[in-house]
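For reference, the structure is listed below as structure tokens.
The values are calculated or read from the model by the stated rules, or taken from the named source; none is laboratory data. Treat the numbers as computed from the prediction; the structure is a model and nothing was measured. In this analysis, Cβ positions are derived from the backbone assuming ideal geometry, glycine residues included, and neighbour counts consider all displayed protein chains. Remember, those area values only see protein heavy atoms, side chains included, never the ligands or the DNA or RNA. Shrake-Rupley method; radii C 1.70, N 1.55, O 1.52, S 1.80 Å.
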Amino acid sequence: KKSKMKLKYLFAVLMLSLSIGACSRVPAGHVGVIVHTMGSSKGVDSEVVGIGWYFLAPTTTLYLFPTYMQNTIWTKSPNEGSKNDDSFTFQTKEGLDVNADIGISYEIDPTKVSVIFQKYRAGIEEITHTFLRNMIRDALNKVASTMSVEEVYGSGKTKMINDVQAMVDNETDKLGIKIDKLYLTGAMRLPESIAK
């Protein structure tokens, strides 16, 4: 009788720990996307969920998307942003390399989270530091290649950043990522000969 009671107790504890371990929470200010990782619906079926606790089967993954303003800075300095050199290098129409630290503020439309996930199949960190960053780099290269180094560094600096923001926003807005502001976080770095 005692061994049966112990067995029932152990089974109950095991079931409780399994159910707690398989629960995930979507905190305030976030929207979740539950994705199936196995079976015929692998990566296809996803469910957008709001704030709360959710039981996740071992074959599902929860991705969290913040719905409040996000701010990311890509700099050369290891003391700001990440420890890596995340700055952008682009060329002017003379073929001169210019290096800059750039920041971005953006928001995600909570009603379009499923569209964003279907497009990128990734969480917010990967979307920001891979896809969004690549869009900015591409736009910077396109815009700066039409400008002289004097324009980029001087009178045309604001126009360059505004044009880059417009190009990126045009690409992301339809998906549900609204660019609030793209900005330089310090002075641009020019080739030494030009700086002199």
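Would you calculate a helix-derived [θ] at 222 nm for the chain, using -39,500 (n - 2.57) for each DSSP H run of n ≥ 4 and dividing by the full residue count, to the nearest 500?
Details: 6 runs with 65 residues, N = 196.
Helices in the chain give a 222 nm mean residue ellipticity of -10000 deg cm²/dmol.
Leaving ligands, DNA and RNA out of it, rank Arg133, Arg189 by accessible area with a 1.4 Å probe, largest first.
Arg189, Arg133
In debye, nearest 20, what is the charge dipole magnitude of segment 44-193 about its Cα centre with +1 on Lys and Arg Cβ and -1 on Asp and Glu Cβ, if you could check?
It works out to roughly 100 debye.
If I model a spin label at Lys8 and Thr59 as a point 7 Å from the Cα along the Cα→Cβ vector, what separation in nanometres do I get?
Reported label-point gap for Lys8 and Thr59 is 3.3 nm.
Placing unit charges on C-beta atoms (Lys and Arg positive, Asp and Glu negative, everything else neutral), compute the dipole magnitude of segment 41-132 about its Cα centre in debye, rounded to 20.
The dipole magnitude comes to about 260 debye.
Run the accessible area of the chain with a 1.4 Å probe and give the carbon-and-sulfur part as a rounded percent. Walk me through the numbers on the way to the answer.
Values: 6490 of 11610 Å².
Result for the chain: 56 percent of the exposed heavy-atom area is carbon or sulfur.
So what's the Cα pair-distance distribution over segment 104-177, bin width 5 Å, in %?
Whole-percent P(r) values from 0 Å outward: 3, 16, 24, 21, 14, 10, 7, 4, 1.
Out of all Cα-Cα pairs in segment 145-196, roughly what percent, to the nearest whole number, are more than 15 Å apart?
On the way: 734 of 1326 pairs.
For segment 145-196, the fraction of Cα-Cα distances above 15 Å is 55 percent.
Which listed residue (Ala122, Gly52, Gly154) has the Cα farthest towards the positive end of the charge dipole for the chain, taking +1 on Lys and Arg C-beta and -1 on Asp and Glu C-beta about the Cα centre?
Farthest towards the positive pole: Gly52.
Taking only complete DSSP H runs, can you tell me which helices of the chain stretch 20 Å or more along their own long axis by Cα positions and average at least 0.0 on the Kyte-Doolittle scale? Don't skip to the end; give the middle numbers.
On the way: long enough: 2-21 (28 Å, 0.82); 157-172 (23 Å, -0.73).
Counting only whole DSSP H runs, the qualifying helices are 2-21.
Considering the Cα positions of segment 36-140, please state its Rg to one decimal place and its Dmax as a whole number of Å.
Both quantities, over Cα of segment 36-140: 17.6, 58 Å.
Select from Met167, Thr61, Met188 the residue farthest towards the positive end of the dipole of segment 57-196; place +1 on Cβ of Lys and Arg, -1 on Cβ of Asp and Glu, and compute about the Cα centre.
Thr61
Counting only heavy atoms of the protein chains, get the accessible area per residue of segment 88-142 (1.4 Å probe) and round it to a whole Å² value.
Values: 2390 Å² over 55 residues.
I get 44 Å² per residue for segment 88-142.
Of Val33, Ser82, Ile136, which is farthest on the positive side of the dipole of the chain, counting Cα position, with +1 on Lys and Arg Cβ, -1 on Asp and Glu Cβ, and the Cα centre as origin?
Val33
Please compute the net charge surrounding Ile127, taking Lys and Arg as +1 and Asp and Glu as -1 over other residues with Cβ under 10 Å from its Cβ.
Taking every other residue near Ile127 into account, the sum is +1.
Along the Cα→Cβ direction, 7 angstrom out, place labels at Lys157 and Met38. What is the inter-label distance in nm?
Reported label-point gap for Lys157 and Met38 is 5.6 nm.
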